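Take a look at the structure below.
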Amino acid sequence: MSRVLEANEREQSSFNHPEEAIKWITDRTAFGIKPGLGRMEKLMERLDHPERRLKFIHVAGTNGKGSTCAFLSEVLLQSGYDVGTFTSPYIEKYTSRLQYNGQHIPEADLLRLCNLLKPHVDAVAETELGSPTMFEVSTALAILYFSTVTYPDFVVWETGLGGRLDSTNIVNPIISVITNIGHDHMEILGETIEKVTAEKAGIIKAGVPVVSAVEQPEAIHVLEQVCSEKQTTLYLLNRQFHSKAISSQLNQQEFDFHGPFRKLLGQKIALNGAHQVKNAVVALMTLEVLRQYYAVIVDDDILLRALYETKWPGRLEMVSEQPRILLDGAHNPEGAETLANALRQTYTFKKLHLMMGMMATKHHSDYLRHILPMVNTLIITEPDFRNKMDAVKLAELARTLKDELNLQIQIIIEPDWKQGLTQLKHFTTSEDLAVISGTLYLVSDVRSWILYQSDSEKGW
């Protein structure tokens, strides 16, 4: 540990309990989202640059980041490597966003590191840069945890928002991954696919290889341009690598992988939806690059087992069988299209009953266009989180589209999601399927309530 951290550890603690430390972090959501790396650079400088001691696999993209991170972490872990994982948002507990070898950060470590970190956060807050945000403090905490406590072989490192100005971009990774590009956070990242791609491509570093599943021609053009400027190699899905579907059924999909270095036939995953095959293929290509560039050892039998055993909560997750209730955190148009395709291809039902809640910062017309034609009953509720979208306003939008598309849908407004869940269960017979979708803040609460009868600590 550096002299700076040792000196701080001798100072009087600011927090006596883990709950106080977590509250200090999560209360910083009041500072909002402040794109830019100035505060992170100052924090890392004050901490003697702990980020330089770690090997990062940096993952950006509109959708699929979490699942891709889950595949990578599981394969590397089962291959005998120590793995740190940093993801967001968290589904149940704050500690789940920082994991070492699949285990949440211990509260004792979190408490001690927050006490070390706080004086530096306060010092940065006093500068012209202003107060570090919740996500920036969480990022710094993760770097401290991995670099001074656990020392993993690799850190699977998910961006929060965008890439270029995201706090996670303080690191210099050994490989960069961009899963896909879609319409999300466009009020911050830009109004066109080209602008969003340019922001995501901001994680690309000189000479560091890139793996991507981006499909739009205009997005591919941006990626190719950035990779050329950075003098690095781009491995692009359906060019340098591709997959072939073999079979698909509930809880098992099989495919062949064809890459520039070798073929991997008969790979299987238990996650549902064709999009999860794409995420697994991106993870496979990333692992193949790591094998070639960094001599990472992954035995074929371990790879096969680890891919199949990968789980990712809140994405096409069946949390109840009587009645059948499926959770999915689709919250943008591309996510809704993916969810609709999965419902058509994987699940059987007589009627589909959907409960959804959204954030007010999103544009939801295209989301609804993808999903409404399948729905018999729509319950519109509100997530228990700031910036939630008013259920009445969302229902007005749904009714407008219902009339425009000439759909026969029963639309119910229930701002209290627990009451909405009770109604959803009432509508869902043994032949039907209930789906709860929208913002992960709603999915998080519902998941904790159904599985544990408790409230979640969900948050960004």
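The values are calculated or read from the model by the stated rules, or taken from the named source; none is laboratory data. As the structure is a prediction and not an experimental result, all values here were calculated from the model. Glycine also receives a Cβ, built like all others from the backbone with ideal geometry; neighbour counts cover every protein chain displayed. Areas reflect the complete protein model, heavy atoms only, side chains present, ligands, DNA and RNA absent. Shrake-Rupley method; radii C 1.70, N 1.55, O 1.52, S 1.80 Å.
Of all residues in segment 146-163, count the ones that are outside any loop (DSSP other than H, G, I, E, B) and open to solvent by 10 Å² or more (accessible area, probe 1.4 Å).
4
If you check R97 against the conditions, is it open to solvent by less than 10 Å² (accessible area, probe 1.4 Å) and of a type in the set (D, E, K, R)?
Yes, satisfied.
Give the residues of segment 408-459 that are over 18 Å from Y94 (Cα atoms), hydrophobic (A, V, I, L, M, F, W, C) and either open to solvent by less than 10 Å² (accessible area, probe 1.4 Å) or part of a helix (DSSP H, G or I) (or both), sorted by residue number.
W417, L421, L424, F427, L433, A434, V435, I436, I450
For N341, which of the numbered conditions (1) over 27 Å from T29 (Cβ atoms); (2) in a loop (DSSP other than H, G, I, E, B); (3) within 27 Å of the chain's Cα centre (by Cα) fails to hold?
(2) is the only condition that N341 fails.
State the number of residues belonging to segment 112-131 that are part of a loop (DSSP other than H, G, I, E, B) and out of contact with any helix residue (DSSP H, G or I) (no Cβ under 6 Å at 6 or more places or on another chain).
4
Give me a count of the residues in segment 258-274 that are part of a strand (DSSP E or B) and either hydroxyl-bearing (S, T, Y) or over 24 Å from the mean Cα position of the chain (by Cα) (or both).
Final tally of qualifying residues: 5.
Of the conditions (1) within 21 Å of the chain's Cα centre (by Cα); (2) surrounded by fewer than 19 Cβ atoms within 10 Å (Cβ to Cβ), I91 clears all except one; give me its number.
Against the list (1) within 21 Å of the chain's Cα centre (by Cα); (2) surrounded by fewer than 19 Cβ atoms within 10 Å (Cβ to Cβ), I91 comes up short only on (2).
Is it fair to say I325 is touching a residue at least 24 places away in the same chain (Cβ under 8 Å) and open to solvent by 10 Å² or more (accessible area, probe 1.4 Å)?
no
Could you tell me how many of the residues in segment 352-376 are open to solvent by less than 10 Å² (accessible area, probe 1.4 Å) and among the hydroxyl-bearing types (S, T, Y)?
Residues meeting the conditions: 1.
Determine if segment 51-74 includes at least one residue that is open to solvent by 10 Å² or more (accessible area, probe 1.4 Å) and more than 23 Å from T179 (Cβ to Cβ).
yes
Could you count how many residues in segment 24-50 are at pLDDT 95 or above, part of a helix (DSSP H, G or I) and open to solvent by 60 Å² or more (accessible area, probe 1.4 Å)?
So the answer is 4.
Is segment 132-139 home to any residue that is open to solvent by 10 Å² or more (accessible area, probe 1.4 Å), closer than 29 Å to L287 by Cα and not in a loop (DSSP other than H, G, I, E, B)?
yes
Tell me, which residue of segment 243-299 that is within 14 Å of Q345 (Cβ to Cβ) and of a type in the set (S, T, Y) is most open to solvent (accessible area, probe 1.4 Å)?
S248
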